[in-house]
Structures are given as structure tokens and as C-alpha cells.
Amino acid sequence: MDFDEFQKFLGAEMPPPAAGKLLQALWHDARGDWARAHRIVQSQKGKTSAAIHAYLHRKEGDLANADYWYERSDHARPRCSLESEWKTLVKALLTKRGK
């Protein structure tokens, strides 16, 4: 699945069938369900989940908490828009799935 295909699923009732937990979290976030996205990402481990966790707290406006999670992800808080960060996260996950 590529980014355009993933975006088409934003109009569907469910995330893509083969989407892992982290893509599901980003799908729910894009559909306006921040709380569900946060619950999903809280249950995951690793630097990628930390990056998504950071993004979610940045979106929420809790920058101190976001910075904590950015540090755990080994990335600095980006200066790009939230939309751009979301796209970057989705594309990175889709690239990992394709390998």
C-alpha cells in the first residue's frame, strides 16, 4: 500500500485491513479521534511509536510532554506543520512495511 491508497481509507469506516497498530493510530488521528490514536500508541513500544506519541502530544498542545516523547524517539521536535509531520510518519511506516 502506498500513501495515496492509505489516504483513500480515511473515508472508510475502518482502517486498512493490513494496517499495523501504528498506522491504525495515525488513521484514527486523521479522522479526528485523538483519544483512540493515543490509546493505541500508548500500548506500543519503540522509537517509531515514541515519535507518533510525540506528534500526538504536539497536536494536543502539550509541548513539554511532546518533547519528552521526541527525545525518546531520538528526534527533535520538527518545525514543520502537523499535517506535514503526519504525512512523514505515515510514509515512513508504509516504507517499513514494504521492505
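Each reported figure results from applying straightforward, stated rules to the coordinates on display, with no laboratory input. Nothing here was measured: the structure is a model prediction, and the numbers come from that model. Backbone-built Cβ (ideal geometry, glycine too); neighbour counts: all protein chains shown.
Rounded to the nearest 10 degrees, the angle from helix 82-98 to the longest Cα principal axis of the chain is 60 degrees. Here the gap between Gln7 and Ala64, fully extended at 0.36 nm per residue and compared with their Cα-Cα distance, gives a gain of 17.5 nm.
Farthest towards the positive end of the charge dipole of segment 1-42, among the residues Gly32, Met14, Gln42, is the Cα of Gln42, using unit charges on the Cβ of Lys, Arg, Asp and Glu. Distance between the 7 Å Cα→Cβ label points at Ala92 and Arg77: 1.7 nm.
Charge dipole (Cα centre; +1 on Lys/Arg Cβ, -1 on Asp/Glu Cβ; no other charges) of the chain amounts to roughly 300 debye.
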